[in-house]
Amino acid sequence: MGTAKVSDSSSGNQNETDVVLNVYDLTPYNNYTYWVGFGIYHSGIEVHGKEYGFGAHDFPISGVFEVEPRSCPGFIYRRSIPLGRINMPSSEFRTFIEDVASEYHGDTYHLISKNCNHFTDDMAHRLTGKSIPGWVNRMARLGSLCSCLLPESLQVTKVKELPEYHDIEDGNESASTSTPRDSPEVDDTDQEKHLLSSKDGNSEIAFIKEAQVCWKMA
């Protein structure tokens, strides 16, 4: 689940889209270390005009979020790296990203072993068969060898409240919202809800709601 199969693209195909890695600085010190292949970075994958990243919160639900390309709040945009083109309709990609979101819960985020750059590397592999450049996540690999040396300031700020689900109607968010905290039982209407937005009123970030998994008795 969550693995995309893409065909060779053809010129003029409206389903064609670029796959781009957008890289951000997490610290101004990157201006000094970037040129020698080091730094602390956030990255997102841009597909069909939207950028997708992975972040932490305290709940066992999707930590995959959607933002406008090259404008992820809280980070300093550095550069974009083209990874190739795929032939995949936006509707098919939406199903794909919801499947991937079920594998990246916010409470499983780990700075060393499962961070935003691990997510984009996984996405790049599934979509294009390529890896992201090694320097983007080099500090995490080094940190796995000496994690005790990493400062606490590098820990990601977590969402402390369960974000709200927003209904999507014809591509636009409706005014009505509900939260799993208000409604502990998941009803059939949740099948039609796709985006999970933070409660802080920031409309720039929308968390992707993971695909519903149906279990069948053997």
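The values are calculated or read from the model by the stated rules, or taken from the named source; none is laboratory data. Keep in mind the model is a prediction, meaning the values are calculated, not measured. Positions of Cβ are generated from backbone atoms using ideal geometry, with glycine treated the same way; all protein chains shown enter the neighbour counts. Each accessible area value is taken on the protein alone, full model and side chains, heavy atoms only, with ligands, DNA and RNA left out. Shrake-Rupley method; radii C 1.70, N 1.55, O 1.52, S 1.80 Å.
Couple of notes before you dig in:
- Pair Glu92, Glu16: separation of 7 Å Cα→Cβ label points (nm): 1.5
- Area accessible to solvent at Phe119, 1.4 Å probe radius, in Å²: 0
- For the range 109-114, backbone phi angles converted through the Karplus equation (6.51, -1.76, 1.60; θ = phi - 60°) give residue-by-residue couplings of 4, 9, 4, 9, 10, 8 Hz, Gly and Pro being listed as x.
- Once all protein chains are placed together, Ile76 keeps about 90 Å² accessible to a 1.4 angstrom probe.
- Per-residue accessible area (protein heavy atoms, 1.4 Å probe) orders Ser102, Ser91 as Ser91, Ser102, starting from the largest.
- Using θ = phi - 60° and Karplus 6.51 cos²θ - 1.76 cosθ + 1.60, couplings along the range 20-33 (whole Hz; Gly, Pro as x): 10, 9, 9, 10, 10, 7, 9, 8, x, 5, 4, 4, 9, 8
- Label point distance in nm, Ser113-Trp35, each placed 7 Å from Cα along Cα→Cβ: 3.8
- All-pairs alpha carbon distance profile, the range 71-131, 10 Å steps from 0, percent: 17, 44, 37, 2
- Computed accessible area, Glu210, all protein chains, 1.4 angstrom probe, square angstrom: 40
- Largest accessible area first, the residues Tyr104, Tyr32 order themselves as Tyr32, Tyr104 under a 1.4 Å probe with ligands, DNA and RNA left out.
- Amide H partners (placed H, <5 Å) of Val19, local residues excluded: Leu83, Gly84, Arg85, Ile86
- Gyration tensor verdict on the range 11-64 (Cα atoms; rounded if a/c is under 1.5, prolate if a/b is larger than b/c, oblate otherwise): oblate
- Ordered by 1.4 Å accessible area with all protein chains kept, Thr128, Thr120 run largest first as Thr128, Thr120.
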